[in-house]
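Q: Starting off with a structure, shown below.
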Amino acid sequence: MATVSGLLKIVQAFVACIIFGALVNDSQYSNYVATQWCVAVYSFCFVVTVVVVAFNVTGKTATLWCPFERFVVIYTFMAILMYVSAAVIWPVFCFDSKYGSPGRPDQCSKGQCPWDSQLVIAIFTYVNLVLYTVDLAYSQRIRFVSHP
């Protein structure tokens with residue numbers, strides 16, 4: 001886990017924890033099926049990332065039915081696609097005037113506003129999307145670029 005890819009996975013899990021913290025803080029994700037999909041994306045990606053980290057740390061990567069590196073690359077690509085969907089869906093259903101509030105409501109008190117939690121989730125969705133993309137790009141660069 002002391003590789004760049006390993007550290008990226010740890011950061012991805014940490015960012016997911018920040019997202020979960022904001023979800024718990026009255027983010028109103030249950031208002032729409034679309035935002036519930038986003039929560040499913042965050043949860044699925046978090047669980048698989050933790051499992052990947054656990055397999056790496058315990059050295060049990062050889063016990064899988066397929067090559068571990070291939071599994072991680074396929075999973076990372078799927079996570080990117082899922083995070084792209086969440087990166088589009090979450091802001092639309094939270095900040096579009098048809099579904100949510102484009103601006104912070106005036107009646108919200110500091111620290112107790114669902115809009116603040118929705119903004120944190122939106123920002124960290126993009127952060128994790130970038131992290132997963134960098135992880136995939138880096139792992140493929142290592143795989144296909146030969147060192148002289």
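Q: Which is the longest stretch in the chain that no exposed loop site breaks, taking sites as trypsin sites (Lys or Arg not before Pro) with a DSSP loop state and at most 12 other Cβ atoms within 10 Å? It would help to have the intermediate numbers written out before the result.
A: On the way: sites that count: K60, K98, K110.
The reported range is 1-59.
Q: What accessible area per residue, rounded to a whole number of Å², is obtained for the chain using a probe radius of 1.4 Å?
A: 57 Å²
Q: Would you tally the net charge around I80, using a Cβ to Cβ cut-off of less than 15 Å, leaving I80 out, and scoring K and R as +1, D and E as -1?
A: 0
Q: Where does the Debye-calculated log10 I(q)/I(0) of region 1-96 sit at q = 0.18, 0.25 Å⁻¹, using only Cα point scatterers of equal weight, no solvent?
A: -0.85, -1.33
Q: Obtain the nm distance between the two label points defined at V92 and F71 by a simple spin-label model: each point lies 7 Å from its Cα along the Cα-to-C-beta direction.
A: If labels sit at V92 and F71, their model points lie 3.4 nm apart.
Q: Okay, moving on. Where does the chain land at 222 nm, in deg cm²/dmol rounded to the nearest 500, when only DSSP H runs of n ≥ 4 count, each adding -39500 (n - 2.57), divided by all residues?
A: Helices in the chain give a 222 nm mean residue ellipticity of -25500 deg cm²/dmol.
Q: At 1.4 Å probe size, with the rest of the protein present, what percent of the exposed accessible area of the chain is carbon and sulfur atoms?
A: Carbon plus sulfur share of accessible area: 69 percent.
Q: Can you return the lysines within cross-link range of K9? Criterion is Cα-Cα under 29 Å, with same-chain partners fewer than 8 residues away left out.
A: Within the straight-line cut-off, K9 pairs with K60.
Q: If you don't mind, there's one more thing I want to ask. Working out 0.36 nm times the residue gap between Y138 and I10, then minus their Cα-Cα distance, what length gain in nm do you get to one decimal?
A: Between Y138 and I10, full extension yields an extra 44.6 nm.
Q: Ordered by residue, what ³J(HN,Hα) values in Hz, to whole numbers, does region 43-49 give under the Karplus form 6.51 cos²θ - 1.76 cosθ + 1.60, where θ = phi - 60° and Gly and Pro are x?
A: Along region 43-49, the couplings run 5, 4, 5, 4, 4, 5, 4 Hz.
Q: Right, something else. Suppose a student asked you for the relative contact order of the chain, using Cα pairs under 8 Å spaced at least 6 residues apart; what percent would you report?
A: 39 percent
The values are calculated or read from the model by the stated rules, or taken from the named source; none is laboratory data. In this text the structure is predicted, and so the values were computed from the model without any measurement. Note: ideal-geometry Cβ built from the backbone for every residue, glycine included; neighbour counts use all protein chains shown. These area figures cover heavy atoms from the full protein model, side chains too; ligands, DNA and RNA do not enter into them. Shrake-Rupley method; radii C 1.70, N 1.55, O 1.52, S 1.80 Å.
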